[in-house]
Amino acid sequence: MSNFRALQLTLLLGLLFAGGQVLAQAAGATDSELAERIAAGQKVLEDRKKGNCLSCHLIIGAELPGNTGPPLIGMQARWPDREALKAQISNPVLRNPNTIMPPYGLHRILTDAEIELLVDYIYSL
Amino acid sequence: MNWKKLPALFLALMLSGQAQSDPETDYLALQKLYQQKFPDIELAEFKDGVYAIDAKMREQWLEMEDFPAYEIAIDEGEELYNTPFANGKSYATCFGDDPGVKSGYPRFDEDLGKVVTLEVAINQCRLDNGEQALPWLIGDLARISSYMAFASRGKHFDIKIETPAARAAYNVGKQFYYSRRGQLNFNCSGCHQLNVGQMLRAERTSPTVGQATHWPVYRGKWEDVGTIHKRFQECNSQVRSLPLEPQSDVYRSLEYFLTFMSNGMELNGPGSRR
């Protein structure tokens with residue numbers, strides 16, 4: 001096998017592997033990986049210096065929730081479109097120009113990765 | 001013609017071209033808003049702020065009021081108020097025999113072209129008599145102000161906005177109240193009007209109407225009485241924006257706007273808050 005073909009093969013294998021990873025993530029990865037992401041997302045949501053979402057949203061079982069926004073329940077069923085849900089968190093002004101909810105992505109309150117974790121968590125609610 | 005008035009007049013002329021709201025109209029609109037949101041609560045009751053809305057918080061607050069933490073501040077303020085300056089004069093030289101003058105503050109000073117709050121007037125009195133100005137937020141100035149607020153209890157706010165320059169200052173304050181700022185992108189009106197009475201964690205927000213009646217306020221968190229500009233700073237910081245300087249032109253205008261929205265209401269300061 002020439003060096004060139006070997007390189008091609010490595011590249012191909014690499015692409016397949018990376019693609020597989022992306023697929024696994026979108027499908028929720030393994031159960032234990034997803035459980036980790038959900039736990040991390042819950043931390044981002046509850047941390048007063050990060051999401052602090054409980055100051056406005058009720059989540060069943062959480063302590064001292066506010067009621068300025070709607071309760072976060074049945075999220076999979078009510079927000080099946082992941083991108084739309086991310087947009088609501090990233091820049092809620094798009095849906096409601098008068099909203100009081102902070103623009104977490106637009107104002108860099110949370111990173112993209114943190115918002116992904118958050119979404120994994122609230123999809124579990 | 002008073003030349004000192006020129007900048008203020010110029011500003012007023014520039015602004016008058018735009019759709020400028022009239023304070024009276026704003027005042028009536030806001031009263032209507034709270035009457036609609038809280039049909040069972042008389043507007044006059046909002047002098048107690050959030051405690052007019054939440055029965056449980058009110059109960060705890062009334063217990064605190066049995067032994068109010070601001071009482072010492074009133075006593076100390078009275079003593080400071082009655083201690084003559086080095087030149088033999090006193091605060092009474094500036095304010096007259098009755099220290100209960102808070103119902104007329106803030107007022108717009110046409111000659112200065114600026115809003116004068118009670119705290120500014122107290123420090124001006126000191127400066128005019130060769131004394132040093134006191135720090136704005138907590139401490140002796142807030143104590144003197146607490147004594148004067150106490151002496152003003154039972155009176156009703158009578159804030160006047162009569163000239164174009166005064167109206168321009170009012171509009172600066174109003175604009176600040178309705179503008180979004182900070183990383184969290186909040187405006188004062190978002191919390192105190194649109195979502196008034198909602199819970200933010202364990203805190204419930206009070207209506208704009210009545211927010212000015214009871215200052216200075218004692219808060220456990222401050223371990224002292226503080227002026228309303230300390231609260232402005234705190235509400236600014238909460239949304240991760242830089243607070244302005246106390247008694248800066250914009251904060252003075254904000255207090256002017258806010259106090260006008262409590263016009264006609266009974267003064268019940270100093271107050272205590274969580």
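Name the residues of segment A:35-69 whose accessible area falls by at least 30 Å² when all protein chains are present instead of the chain alone, probe 1.4 Å?
Residues of segment A:35-69 that lose at least 30 Å² of accessible area once the other chains are added: A:ARG48, A:SER55, A:LEU64, A:ASN67, A:THR68.
What nm value, rounded to one decimal, do you get for the distance between B:ALA55 and B:GLU76 when each label is placed 7 Å out toward the C-beta?
3.8 nm
Report which residues of segment B:197-235 become buried by 10 Å² or more of accessible surface when going from the isolated chain to the complete set of protein chains (1.4 Å probe; DNA, RNA and ligands ignored).
Buried by 10 Å² or more upon assembly, which counts only protein chains, are B:GLN198, B:MET199, B:LEU200, B:ARG201, B:ALA202.
Starting from the Cα-Cα distance between B:ARG153 and B:GLU110, subtract it from 0.36 nm times their residue separation and give me the gain in nm to one decimal.
Numbers: separation 43, 0.36 × 43 = 15.48 nm, distance 2.74 nm.
Stretched out fully, the B:ARG153 to B:GLU110 stretch lengthens by 12.7 nm.
Provide the FRET efficiency to the nearest 0.05 for the B:SER241-A:THR30 pair, computing r from the beta carbons and using R0 = 35 Å.
Details: r = 43 Å, r/R0 = 1.22.
Using R0 = 35 Å, I get an efficiency of 0.25.
Which residues of segment A:80-101 bury at least 40 Å² of accessible area once all protein chains are present, versus their chain alone (1.4 Å probe)?
Residues losing area: A:ILE100.
Roughly how many nanometres apart are two label points built 7 Å out from the Cα toward the Cβ at B:THR25 and A:ARG108?
That separation, rounded to one decimal, is 4.1 nm.
How much length, in nm to one decimal, is gained on full extension between B:LEU194 and B:TYR178, taken as 0.36 nm per residue of separation minus their Cα-Cα distance?
Stretched out fully, the B:LEU194 to B:TYR178 stretch lengthens by 4.7 nm.
Convert 20 °C to kelvin, take the viscosity as 1.002 mPa s, use the Kirkwood radius over C-alpha pairs of the protein assembly as shown as Rh, and evaluate the Stokes-Einstein diffusion coefficient in µm²/s, rounded to a whole number.
Translational diffusion coefficient: 88 µm²/s.
For segment B:194-274, what is the relative contact order in percent, using Cα pairs closer than 8 Å and at least 6 residues apart in sequence?
40 percent
Give the separation of the Cα centroids, segment B:142-158 to segment B:180-249, in Å.
Cα centres, segment B:142-158 to segment B:180-249: 21 Å.
Enumerate the lysines that B:LYS56 could reach by cross-link, defined here as Cα to Cα under 18 Å, with residues fewer than 8 away along the same chain left out.
Those lysines meeting the cut-off are B:LYS47.
With a 1.4 Å probe and all protein chains left in place, how much accessible area per residue does chain B have, in Å²?
Value returned for chain B: 48 Å² of accessible area per residue.
Quick one: which residues, 5+ away or cross-chain, put their amide H under 5 Å from the amide H of B:ARG181? H built at 1.01 Å from N.
Sorted by chain and number, the residues that satisfy this are B:PHE186, B:ASN187.
Quick one: which residues, 5+ away or cross-chain, put their amide H under 5 Å from the amide H of B:VAL225? H built at 1.01 Å from N.
B:GLY139
Given labels modelled 7 Å from the Cα in the Cβ direction, how far is it in nm from B:ASP97 to B:GLU203?
The answer from the label model is 4.4 nm.
In percent, how large is the relative contact order of chain B, given Cα pairs closer than 8 Å and 6 or more residues apart?
Taking the mean separation of contacting Cα pairs over the length of chain B, I get 27 percent.
If amide hydrogens are placed 1.01 Å from N in the peptide plane, which non-local residues have theirs closer than 5 Å to the one on B:SER272?
Placed amide hydrogens put B:TYR218 under 5 Å from B:SER272.
Could you work out what % of the accessible surface of chain B is carbon and sulfur, using a 1.4 angstrom probe and leaving DNA, RNA and ligands out of the count?
Roughly 54 percent, rounded to a whole number.
Can you run phi through the Karplus equation (6.51, -1.76, 1.60; θ = phi - 60°) for segment B:220-230 and list ³J(HN,Hα) in whole Hz, with x for Gly and Pro?
Running phi through 6.51 cos²θ - 1.76 cosθ + 1.60 with θ = phi - 60° gives x, 4, 8, 6, 5, 7, x, 8, 5, 5, 5 Hz.
So if we plug the beta-carbon distance of A:ALA62 and A:LEU94 into 1/(1 + (r/R0)^6) with R0 = 30 Å, what FRET efficiency do we get, rounded to 0.05?
On the way: r = 26 Å, r/R0 = 0.88.
The formula returns an efficiency of 0.70 here.
Once ligands and nucleic acids are excluded and a 1.4 Å probe is used, how much of B:LEU28 is accessible, expressed in Å² to the nearest 10?
100 Å²
Going by accessible area, probe 1.4 Å, with all protein chains left in place, what is the ranking of B:GLU162, B:GLU24, largest first? Mind showing how you got there, number by number?
Numbers: B:GLU162 130, B:GLU24 95 Å².
My answer, sorted largest first, is B:GLU162, B:GLU24.
Could you report the buried accessible area between B and A, both sides summed, computed with a 1.4 Å probe and given in Å² to the nearest 100? Spell out each step's value before the answer.
On the way: alone 13870 and 8780 Å², together 21070 Å².
Approximately 1600 Å² gets buried when B meets A.
Where a Cα-Cα gap under 22 Å defines reach, which lysines qualify for A:LYS86, not counting those fewer than 8 residues away within the same chain?
Here the lysines satisfying the reach criterion relative to A:LYS86 are A:LYS43, A:LYS49, A:LYS50.
What Cys residues in chain B are without a partner cysteine, judged by a Cβ distance under 4.7 Å?
Here B:CYS188, B:CYS191, B:CYS235 come out as lacking a disulfide-compatible partner, given the Cβ-Cβ threshold of under 4.7 Å.
In what order, largest first, do B:GLU78, B:GLU234 sit by accessible area if the probe radius is 1.4 Å?
Order by accessible area, largest first: B:GLU78, B:GLU234.
What are the ³J(HN,Hα) values, in whole Hz, obtained from phi via the Karplus relation 6.51 cos²θ - 1.76 cosθ + 1.60 with θ = phi - 60°, for each residue of segment B:85-98 in sequence order, with x given for Gly and Pro?
6, 4, 8, x, 7, 8, 4, 4, 4, 8, 9, x, 6, 9
Counting only protein chains, not ligands or nucleic acids, how are B:HIS156, A:HIS107 ordered by accessible area (probe 1.4 Å), most first?
B:HIS156, A:HIS107
Taking θ as phi - 60°, what are the ³J(HN,Hα) couplings along segment B:48-61 by the Karplus curve (6.51, -1.76, 1.60), each to the nearest whole Hz, with x for Gly and Pro?
Result, ordered by residue: 8, x, 5, 6, 7, 9, 10, 4, 5, 5, 4, 4, 4, 5 Hz.
The values are calculated or read from the model by the stated rules, or taken from the named source; none is laboratory data. All of these numbers come straight from a predicted model, not from anything done at the bench. No Cβ is skipped: glycine too gets one built from the backbone with ideal geometry, and neighbour counts run over all protein chains shown. The accessibility values were calculated without ligands, DNA or RNA, using every heavy atom of the protein model including side chains. Shrake-Rupley method; radii C 1.70, N 1.55, O 1.52, S 1.80 Å.
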